[in-house]
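Right, one structure below, let's go through it.
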Amino acid sequence: MKKRVPIKGQMRSYMWQLLMLSILLLAMNVCMYPVSVKAGLLVSAFLAVYVLVVSILYLRNKTQIYNEMVAFATQYGQIQRKLLKDLALPYALLDEEGRVLWGNTAFFEVSRKTKKSLYKPISWFFPEFSREEFLGDDGKDSKTIHFSSEEMDFRVDIRRVYLDHILGEGNLLEDEFQQEYLTAIYMFDETEINKYIRMNKEERLVAGLLYLDNYEEALDTVEEVRRSLLVALVDRKINKYIGAFGGIVKKMEKDKYFIAIQEKHLPIMRENRFELLQDVKTVNIGNEMAVTLSMGLGLSGSSFAENYDYARIAIDLALARGGDQVVTKEGESITYFGGKTQQIEKATRVKARVKAHALREFIESRDKVMVMGHKMGDMDSFGASIGIYRAAKVLGKRAHIVINDITNSVRPLRESFDDNPAYTEDMFLTGEEALEIIDRNTVLVVVDTNRPNYTECSGLLSRTPTIVVLDHHRQTNEQIENAVLSYIEPYASSACEMVAEILQYFDEGLKIKTAEADCLYAGIVLDTDNFMRRTGVRTFEAAAFLRRCGADVTRVRKMFRNDMAEYKARAEAVRHAEVYHGFAISVCPNENIESPTIVGAQAADELLNIVGVRASIVLTYYQHKTFVSARSIDEVNVQIIMERIGGGGHMNMAGAQLECSVEESMEIVKHTIDKMHEEGEFE
């Protein structure tokens, strides 16, 4: 090689070592002359010969040595290339545009392409990925992705390889390169390991608890000699259903069962929407009441014991929501199935008495009582708060009601307490005022809601350890934590009905004032639509108790009257309603109306009077939110619709709040109805 080639690094130092040694010998020769001139001359002669020989060898062998090293490096590179080519691990190099420049044999075998496909985009080899997914502009030089292709699972390590790093310090040549790069991909076959992971997951056991909701009530409707037959038929249905999936059933009590199944069967159960719920209702040997059951399933825990704990949480949630449903708890995720039938009212009021005594003990042990309902409180929330306020006053405790916004429907009730010497000025507080006086020696009673974000002032929940929840709405994933007393009865018509029952057992000498009785009675009237919906024996008993306490039907009726603007808005909502898959959907105007959400709920009630309407949904935009009111008679469970969009409620009366415009909310509602219609929820 005639071209002068500069050499760098350790090779350059090695080539110059002999010449540098000549300088050392020259210094030694100079030092020799003062000792002996003859000796110095002799050494100089030998030094001249040494330098001449070294120079000749350096000039003659420099190019040859360099060529030998380049040849070795080339052969070494060929060996590496051969090893990469025959490597069992699929490997390829891509340019900056995502085109495949080189791939080894394993890469082409996996992609089922030939070498003729070189310089094609990576998406040509694997359509699942685009250039952006492989190379991303996030500035990272490496990342890992997972994908499946041709029934094979792969983990792909992607790394950028810069050219100036390839030709770095250890290179033989000096050269300049731009900061260009290639992308190297390494593909690891994870098909088999994923198969065993899936098998392990599918074979894990799911713990379950199955309770009969109305065991005693159903038996009471059957002749005594046939009761054992009813129990046997129900047992057979349960054992047959679980046994079909290879599971086991253990009867713990007369109406409680423990079940265990493999996780691989759960998707089939979900697909069939747990047909046992409907199958057990077909058992009829003359019983007037169909048997219903609730099931709680726990899975994906770190142990079977943890799955059992999940199952206990799930069954408690299923029962709190009214029964006749299946709740699955998978880690933090909770899913609901069923719950389409009306809740069964319990004839006994033992639970109300027990809760009343427990509430009394908590109030007696604290100095102050603070009561709050949900945001934009209605008559039910306000009336229940007034009832708890009276209970606290009977025990001589300092009591306050937290309420921020006085809606148009609540104002007539609120005004009955103004300028009344029987009530203190601090009876009603705003959320900010309540935060200033609440302490750890305060009982906080939450009524008519069990969701922390829906309360008048959620900040109060963290200020005291003594929290009591009284509500008649079905529980959801979001609920008030660490309540010392939770009384949630979905079968109750209203929170006022529950409070009226509690007051009857709270204290023998308790007397409710007329204005307070009006508030409680108004709450029941509101939530039952004047005793037309969700009413039972206990609803009328509570109303009778309030009538004896002085509640006046005429005064309450006057409180429900609307002004002209609200009446026109309600009429406009009804006039512009659209029937969509049997749902009457409309938007309630909010101009010149003080409480448009109340009017929207009233419009939803009005729409149910139209023939052919299975349910109604009215949207109202207020305070930068869209409030959704859903109503039905008996054909559709509107609660599960509202839960899909983040709300909740009852089977025939539910609602939700959306942080978006009315148009966007309308699309969300219609999309939810379409999806549930496809899933067969409305059949």
Requested in this report: Just give me the residues in the range 453-478 being crowded, with 17+ Cβ neighbours inside 10 Å and either under 23 Å from the mean Cα position of the chain (by Cα) or free of Cβ contacts under 8 Å to residues at least 12 places away in the same chain (or both), in sequence order.
Outcome: Y454, T455, L461, H473, R474, Q475, T476
Query raised in the report: Within the range 186-217, which residues are farther than 30 Å from G103 by Cα and of a type in the set (D, E, K, R)?
Result: R198, K201, E202, E203, R204, D213, E216, E217
Query raised in the report: How many residues, within the range 528-567, are hydroxyl-bearing (S, T, Y) and within 21 Å of H472 (Cβ to Cβ)?
Result: 3
Report summary line: Reported set for the range 77-97 where residues are in contact with a strand residue (DSSP E or B) (Cβ under 9 Å, 6 or more places away or on another chain) and either among the acidic types (D, E) or at pLDDT 75 or above (or both) is L89, P90, Y91, A92, L93, L94, D95, E96, E97
Report task. Looking only at the range 492-503, decide whether some residue is surrounded by fewer than 17 Cβ atoms within 10 Å (Cβ to Cβ) and in contact (Cβ under 8 Å) with a residue 40 or more places away in the chain. Result -> no
Requested in this report: Take the range 310-334 and flag every residue that is in a strand (DSSP E or B) and at pLDDT 85 or above.
Outcome: Q325, V326, V327, T328, K329, E330
Query raised in the report: Can you pull out the residues in the range 283-320 that are under 24 Å from A244 (Cα atoms) and in contact with a helix residue (DSSP H, G or I) (Cβ under 8 Å, 6 or more places away or on another chain)?
Result: V283, A290, V291, T292, L293, S294, M295, G296, L297, G298, L299, S300
Report task. Might you let me know whether the range 583-599 holds any residue that is among the hydrophobic types (A, V, I, L, M, F, W, C) and loosely packed, with under 13 Cβ neighbours inside 10 Å? Result -> no
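Per-residue answers, yes or no, for (1) out of contact with any Ser or Thr (no Cβ under 6 Å at 6 or more places or on another chain); (2) modelled with pLDDT of 85 or more; (3) surrounded by fewer than 19 Cβ atoms within 10 Å (Cβ to Cβ):
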position: E541; (1), (2), (3): yes, yes, yes
position: A544; (1), (2), (3): yes, yes, yes
position: T554; (1), (2), (3): yes, yes, yes
position: R561; (1), (2), (3): yes, no, yes
position: E566; (1), (2), (3): yes, yes, no
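The values are calculated or read from the model by the stated rules, or taken from the named source; none is laboratory data. All values derive from a computational prediction rather than experimental measurement. Don't worry about glycine lacking a Cβ; one is built from the backbone with ideal geometry, like all the others, and counts go over all protein chains shown.
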